[in-house]
Amino acid sequence: MKTINLANRAGVFTLILLFIFQSCSSSNDATDENPVVVVPDKISVQVDVVGKTAEMPNGDGSGKINLSITAADAKSYKIKVNNETKESTTSSFSYEFTEPGTKTYTIEVTAFNGIKYTNTSTTVNIFVARKLIFSDEFDVAGAPNNDKWDYNTGTGDGWGNNELQYYTKRPENVTIENGILKIKAIKEEYMGSQYTSARMLTRGKFSFKYGRAEIRAKLPVGGGTWPAFWLLGDNLDTVGWPACGEIDILESVGNKPNVIHSSLHSPGRSGNTPDTATTTNPTSTTAYHIYAAEWSAESIKFYVDDNLFYTYKNSSTTPFNAKFFVILNFAMGGNFGGAVDPNFKSAVYEIDYVRVYN
């Protein structure tokens, strides 16, 4: 009996040793598979302003900076600057500011090692010179430049405002003469509509985020006329309107002569938007004037001949922090244009130039 008991005890002891060995082995395997993650340490950010000299301490006007990030054990980085967030797996990062003038910006940098992270922030003073990034001076007679402009065509019912015109790209409705773009609305039966006109846009050819957009124009005369110069979000197809945002720099209707409207449309603030203002321009139909908007992350300011008449407070919660394209159009009637004068035959929206600056 003692021999049997000793054998049993030896067997039990062997099993215990095997269990301990397997447990240690499993523990070692888990350690190999889940190594200790170290928090990135001693983060620092070096900001080099392009073109910085003793004479130009805020840079050469390009608005460009280069960042060098140092953080031991970091594997990736998140950089927040000018209301934009960028992610990178390298410690070098470049950025270009576009709002003209000299401003101070805060740069926030977070360094990650897996779920572990550390962060810091710094500031930079930067000078951005105003640059022309798009223009059409309309100095070549004939059709507008196809490299810059496309067209929306079709019946006014398709634009959501109960407009009466059919948009075409015929020379009868849109042409350049003597350095002036002329968009002409004509009373005529065409494709089931009572009027024709044109709607031009830079979609797919040019869009921009922040800057100054301006037009020098003489407005048409007549009850029911509705010329406009405006911007629409590039993401129109993916999010729809008004989620894409709309910036109306110039709208005017012939039923209220010489009243200039500037408005913004966004979710919950579309249709009869509260984000709107007007000013009076007594010679809008007899002389050329400059209608402009200056757009930044903080505000959108509207001008007639550089006289500020409306400031909209922008923020990161609006759609007005992405790329927009340019639209020129001349509508007839509709919800905003109102009743058309029964004696109306034709009218011309005359545009000397369109310019966009950074």
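Give me the percent of Cα-Cα pairs in region 267-320 that sit more than 16 Å apart, rounded to a whole number. Don't jump to the answer; show the numbers that get you there.
Details: 746 of 1431 pairs.
Looking at region 267-320, the distances longer than 16 Å represent 52 percent of pairs.
The figure for Thr311 is an accessible area of roughly 70 square angstrom, using a 1.4 Å probe on the protein chains alone.
GNM remark for the chain: springs join alpha carbons under 10 Å apart, and the peak mean-square fluctuation among Val340, Val259, Val239 falls on Val239. Relative to one another, the C-alpha centroids of region 223-258 and region 32-98 are positioned 39 Å apart.
Viscosity 1.002 mPa s, temperature 20 °C: what is the translational diffusion coefficient of region 271-358 from Stokes-Einstein with a Kirkwood Rh over Cα pairs, rounded to a whole number of µm²/s?
On the way: Rh = 15.9 Å.
The calculation lands on 135 µm²/s.
For Cα extents along the principal axes in Å, the value calculated from this model appears in (i) 66, 44, 39; (ii) 61, 50, 39; (iii) 125, 61, 36 under label (iii).
From helices alone, the chain scores -3500 deg cm²/dmol at 222 nm; the rule is -39500 (n - 2.57) for each run of n ≥ 4 DSSP H residues, then divide by the residue total. Evaluated at q = 0.24 Å⁻¹, a Debye calculation over the C-alpha positions of region 223-320 (equal weights, vacuum) places log10 I(q)/I(0) at -1.30. How about Lys169: which lysines have a C-alpha closer than 27 Å to its C-alpha, ignoring those fewer than 8 places off in the same chain? List returned: Lys148, Lys182, Lys184, Lys187, Lys205, Lys218, Lys323, Lys345. For Thr285, the residues 5 or more places off, or on other chains, whose built amide H falls under 5 Å of its own are Leu219. Within the same chain, aspartates and glutamates fewer than 8 places from Lys256 are excluded, and of the rest, those with a Cα less than 16 Å from its Cα are Asp341.
Give the relative contact order (percent, whole number) for region 201-271; include only Cα pairs under 8 Å separated by 6+ residues.
On the way: 96 pairs, mean separation 19.2, N = 71.
Computed over region 201-271, the figure is 27 percent.
In region 48-144, Cα pairs under 8 Å separated by at least six residues give a relative contact order of 27 percent.
What per residue convex hull volume, in Å³, do the alpha-carbon atoms of region 197-241 yield? Display every interim value, and only then the final one.
Numbers: hull volume 5.5 nm³, N = 45.
Cα convex hull per residue, to the nearest whole number: 122 Å³.
Can you give me the relative contact order of the chain as a percent, contacts being Cα pairs under 8 Å and 6 or more apart? Display every interim value, and only then the final one.
Working: 868 pairs, mean separation 61.1, N = 358.
RCO, the chain: 17 percent.
The values are calculated or read from the model by the stated rules, or taken from the named source; none is laboratory data. Nothing here was measured: the structure is a model prediction, and the numbers come from that model. We work out accessible area using only protein heavy atoms, side chains counted, and drop any ligands, DNA or RNA first. Shrake-Rupley method; radii C 1.70, N 1.55, O 1.52, S 1.80 Å.
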